[in-house]
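The structure appears below as C-alpha cells.
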Amino acid sequence: MNFAERITKIPRQIIYAVIALAIIIPLIAPIGMAINVMPQTQKLIDAIESLPPDSKPVLISCDFDPQSMPELYPMLEATLNHCFNKGIKVLVLALWPQGAGMAEMALKKVPEVYNRKYGEDYVFLGYKAGAAAVVLGLGDNFKNVFPADYYNKPLDSLPLTAHIKNYNDISLVISFSAGDPGYRTWLLYGQAKFGFKLGTGVTAVSAADTYPYLNSGQLTGVFAGMKGAAEYETALAKKGYTLTSRNATKAMDAQSLGHFFIMVFIIIGNVGYFLIRRKK
C-alpha cells in the first residue's frame, strides 16, 4: 500500500480518537484562542454597560430548555454577572416552563457571589403560560400577570417590585430565545406596542433571522450562539468584571479545535484521492 492509499484509509478509530482529544483537552485546559467581539454583540453589551447602578431593573426572559442550554445558559449567566457587577437590579421570568429551571439554576449560583439580596437586588417571577398574553399583560400591570413571585411571595411585599407597574419601570428587556415563544413574541407583542428596548440571545442556527430586526433598530443587540456567549464573556473579562464561569469560552476552544482537525482529515482524504486518481 503506497502513501496515497494509506492516507485515504486512516482507521476510523484514529480519527475518532484525535477528534475526541481535540474536544476534551481544551475543556480541561483552555487554550485561550482569540475571540473578536462582533458588532451585534457589542451593541447589547453597550446597552447594559450604559445603565447606571440606580437605573430601572433589567427584565430577563428565559425562553429556552436544556436542549439549547450549552448555547444560551452561558449568556444568561454572563448577563447576571454583568448586571450584578454594575449594581443593576434584575427581574427574571420564563415563557417556557423549562426556562424556569434554567433561570433558577443561575439565580442560585450568581447572586451569592456578589452578596445580592433576593427581593431587593433581584426577583424571580417564574413561568406563566400564554406567552403573548403575558407580554401584553406586563405592559398594563406586572402584578396582574404575576401577583406573586416564583416562591409565592406577593410582589407588593418585595422592595424591588413594590413600585414596578409596567414596562415604563424597566430599562431593558432581554430574551434568551431557543424558539417560539421567544424574542419574536417580545418583539411583536411587546416592543412594537410599548416601545421598550429589547435585546436577545439566540442559538447559532437562528442568528440570521434576527438581523433584519437588528438593522431596523427593533432589537438593541444580539448574542448569536455559543460564539456570541464567548464574545460576551471575553468582553466582560477585558473590562475586569468578575465572572462565575467562562464555559462558552472553553467550549469555543473545543469546538474550534475539533473543527480544525475535521478539516485536516477532509484535506488529507482529498489529497490522497487526487494522488491515486493521477496515477491511474
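In the range 173-181, is there at least one residue being surrounded by fewer than 21 Cβ atoms within 10 Å (Cβ to Cβ) and farther than 24 Å from R116 by Cβ? Looking for residues that are surrounded by fewer than 21 Cβ atoms within 10 Å (Cβ to Cβ) and farther than 24 Å from R116 by Cβ, one finds at least one in the range 173-181, hence yes.
From the list Y189, Y183, the lone residue that is touching a residue at least 24 places away in the same chain (Cβ under 8 Å) and out of contact with any strand residue (DSSP E or B) (no Cβ under 7 Å at 6 or more places or on another chain) is Y189.
Put simply, of Y241, Y211 the only residue that is surrounded by 15 or more Cβ atoms within 10 Å (Cβ to Cβ) and either without any contact (Cβ under 8 Å) to a residue 60 or more places away in the chain or hydroxyl-bearing (S, T, Y) (or both) is Y241. Filtering the range 247-264 to residues that are of a type outside the set (G, A, S) and either over 20 Å from Q40 (Cα atoms) or at pLDDT 95 or above (or both) leaves N247, K250, D253, Q255, L257, H259, F260, F261, I262, M263, V264. Of note, I174 does not satisfy the criterion of being touching a strand residue (DSSP E or B) at 6+ places or on another chain (Cβ under 8 Å), closer than 14 Å to Y122 by Cα, in contact (Cβ under 8 Å) with a residue 12 or more places away in the chain and assigned by TED's automatic domain parsing to the domain that holds E104. Screening T200 with (1) within 15 Å of K43 (Cα to Cα); (2) more than 15 Å from the chain's Cα centre (by Cα) gives one miss only, at (2). Evaluation of F146 against the conditions (1) within 19 Å of the chain's Cα centre (by Cα); (2) over 19 Å from L187 (Cβ atoms); (3) among the aromatic types (F, W, Y) shows that the sole unmet condition is (1).
Counting the residues of the range 160-182 that are in contact with a Cys (Cβ under 8 Å, 6 or more places away or on another chain) and among the acidic types (D, E) gives 0.
Among the β-branched types (V, I, T), closer than 30 Å to P97 by Cα and in a loop (DSSP other than H, G, I, E, B), is that true of T185? Considered against the rule, which asks whether it is among the β-branched types (V, I, T), closer than 30 Å to P97 by Cα and in a loop (DSSP other than H, G, I, E, B), T185 comes out as no. When the test is whether a residue is free of Cβ contacts under 8 Å to residues at least 40 places away in the same chain and at positive phi, N168 does not pass it.
Residues considered: A103, A78, A132. Of these, the only one that is exposed (fewer than 15 other Cβ atoms within 10 Å of the Cβ), among the small types (G, A, S) and in contact (Cβ under 8 Å) with a residue 24 or more places away in the chain is A132. Can you find, within the range 26-43, the residue that is surrounded by the fewest Cβ atoms within 10 Å (Cβ to Cβ) among those that are among the hydrophobic types (A, V, I, L, M, F, W, C) and out of contact with any helix residue (DSSP H, G or I) (no Cβ under 8 Å at 6 or more places or on another chain)? Top of the filtered list is A34.
The values are calculated or read from the model by the stated rules, or taken from the named source; none is laboratory data. Nothing here was measured: the structure is a model prediction, and the numbers come from that model. Cβ: placed from backbone, ideal geometry, glycine included. Neighbour counts: every protein chain shown.
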